[in-house]
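This report refers to the structure that appears directly beneath it.
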Amino acid sequence: MVRDENKEREIARGLLKIKAVFLRPDEPFTWASGIKSPIYCDNRLILTAPEVRNVVENEMAETIREFYPQCEKLMGTATAGIAHAAIAAHILGMPMGYVRSSSKSHGRNNRIEGELKSGDKVVVIEDLFSTGGSSIEAVKALREAGADVLGIVSIFTYNTNKAEVNFREAGVDHRSLCTIETLIDEAEKEDYIRTGEGEKIIKWLREI
């Protein structure tokens with residue numbers, strides 16, 4: 001569920017404008033999960049595009065205010081979610097930290113960086129959802145540390161069936177600012193892709 005369809009479309013157009021979306025059906029990209037995909041969304045490019053970044057971070061802050069009003073702290077996923085968590089936390093006037101994919105092998109051997117107290121009401125910030133695996137691992141680490149994880153907010157979701165199953169089984173509420181369906185719709189309107197290509201991509205995603 002998105003908070004504002006108009007903002008969702010604005011974000012989709014922004015991602016296309018800064019060329020954050022790549023289509024490569026003949027030479028598929030490899031996701032972190034190992035899945036080979038004909039489409040890839042690189043949200044890191046948002047950080048170097050202030051106009052798009054402002055829209056994304058403000059919408060992220062509004063999503064947290066609306067759906068998670070009890071939130072006390074943001075936790076970004078390493079590495080792609082860290083900067084977005086920091087900016088959204090600044091807008092909201094909240095503390096933030098981040099969750100590593102694994103504990104450090106030196107120093108204090110932390111997996112969670114930043115102060116986290118048992119019972120803290122936390123929202124996790126992610127750049128995108130593919131299968132949801134890495135996001136759920138971050139949630140597990142936070143729960144083990146005593147945090148009350150209210151949910152996860154991502155910039156973009158591929159809306160795969162696998163992700164929905166994984167989130168449901170883990171009992172994790174999740175929201176995204178922009179969905180693959182809206183992105184494809186805007187891409188076809190802007191002639192970024194040929195009509196019909198998007199339908200094939202969405203069908204492929206549904207079969208994962």
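Values quoted throughout were computed directly from the atomic coordinates according to the rules given, and no laboratory measurement underlies them. Note that the coordinates shown come from a computational prediction; the quantities given were computed from them, not determined experimentally. Don't worry about glycine lacking a Cβ; one is built from the backbone with ideal geometry, like all the others, and counts go over all protein chains shown.
Worth a mention:
- Shown in residue order for the stretch 46-58 are the 3J(HN,Hα) couplings computed by the Karplus curve 6.51 cos²θ - 1.76 cosθ + 1.60 at θ = phi - 60°: 4, 5, 9, 10, x, 5, 5, 4, 4, 5, 4, 5, 5 Hz (x for Gly and Pro).
- Net charge of neighbours whose Cβ lies under 11 Å from the Cβ of Thr79, counting Lys and Arg as +1 and Asp and Glu as -1: +1
- Cα-projected label distance for Asp42 with Asp26, points at 7 Å along beta-carbon direction, nm: 2.0 nm
- Between helix 5-17 and the chain: long-axis angle, C-alpha atoms, 0 to 90°, nearest 10: 70 degrees
- Theoretical FRET efficiency, 1/(1+(r/R0)^6), r = Cβ-Cβ of Glu137 and Met94, R0 30 Å, to 0.05: 0.85
- Charged-residue dipole, Cβ positions (Lys, Arg, Asp, Glu), the chain about Cα centre, Debye nearest 20: 640 debye
- Proximity of backbone amide H atoms, modeled 1.01 Å from N, is registered between Asp148 and Gly119, Asp120, Lys121, Val122 at under 5 Å, excluding neighbours fewer than 5 places apart on the same chain.
- Annotation: amide H of Ser37 within the under-5 Å range of Phe29, Thr30, Trp31, sequence separation 5 or more or interchain, hydrogens built in the peptide plane.
- Sorted ascending by nearby beta carbons within 10 Å, beginning with the fewest, Ser101, Ser154, Ser118 become Ser118, Ser101, Ser154.
- The ranking of Asp127, Asp191 by Cβ neighbour count inside 10 Å, starting from the fewest, reads Asp191, Asp127.
- Per-residue ³J(HN,Hα) for the stretch 140-150, Karplus 6.51 cos²θ - 1.76 cosθ + 1.60, θ = phi - 60°, Hz, x for Gly and Pro: 4, 4, 5, 5, 5, 7, x, 6, 9, 7, 6
- Rounded to the nearest 5, the antiparallel percentage of DSSP beta bridges internal to the chain is 25%.
- The computed Rg and Dmax of the Cα atoms in Å for the structure shown corresponds, within [x] 19.9, 60; [y] 16.7, 53; [z] 16.4, 49, to [y].
- With 0.36 nm allotted per residue and the present C-alpha distance subtracted, the Thr79-Ser33 stretch has 15.0 nm of extension available.
- Its residue count N fixes a reference of 2.2 N^0.38 Å for the stretch 54-125, and the Cα radius of gyration divided by that reference is 1.11.
- Here the Karplus relation 6.51 cos²θ - 1.76 cosθ + 1.60, evaluated at θ = phi - 60°, turns the backbone of the stretch 199-204 into coupling constants of 4, 5, 5, 5, 4, 4 Hz, with x for every Gly and Pro.
- Cα Rg, Dmax (largest Cα-Cα span) when computed across the stretch 90-168, Å: 13.3, 39
- Helix 180-189 vs. the chain, principal-axis angle (Cα, 0 to 90°, nearest 10): 40 degrees
- DSSP bridge pairs, the stretch 82-169: antiparallel proportion in percent, nearest 5: 20 percent
- The chain, helix-only ellipticity at 222 nm - DSSP H runs n ≥ 4, -39,500 (n - 2.57), divided by all residues, nearest 500: -12500 deg cm²/dmol
- Checked against a 20 Å cut-off, the cross-linked pairs Lys19/Lys73; Lys7/Lys200; Lys162/Lys189; Lys36/Lys200; Lys17/Lys203; Lys36/Lys140 give Cα-Cα distances beyond that limit for Lys19/Lys73; Lys7/Lys200; Lys162/Lys189; Lys17/Lys203; Lys36/Lys140.
- Neighbour-count ranking [beta-carbon atoms within 10 angstrom, fewest first] of Val55, Val21, Val123: Val55, Val21, Val123
- Helix 82-92 vs. the chain, principal-axis angle (Cα, 0 to 90°, nearest 10): 70 degrees
- Charged neighbours of Asn58, selected by a Cβ distance under 13 Å, balance to -3 (K, R count +1; D, E count -1).
- Between Ser102 and Asn58, the modelled label-to-label distance comes to 4.2 nm, taking each label 7 Å out from Cα in the direction of the beta carbon.
- Distances between placed amide hydrogens fall under 5 Å for Ala20 paired with no residue 5 or more residues away or on another chain.
- Charge-dipole axis of the stretch 1-118 as Lys and Arg at +1 and Asp and Glu at -1 on Cβ define it, positive-most pick from Asn6, Asn110, Gly93: Asn110
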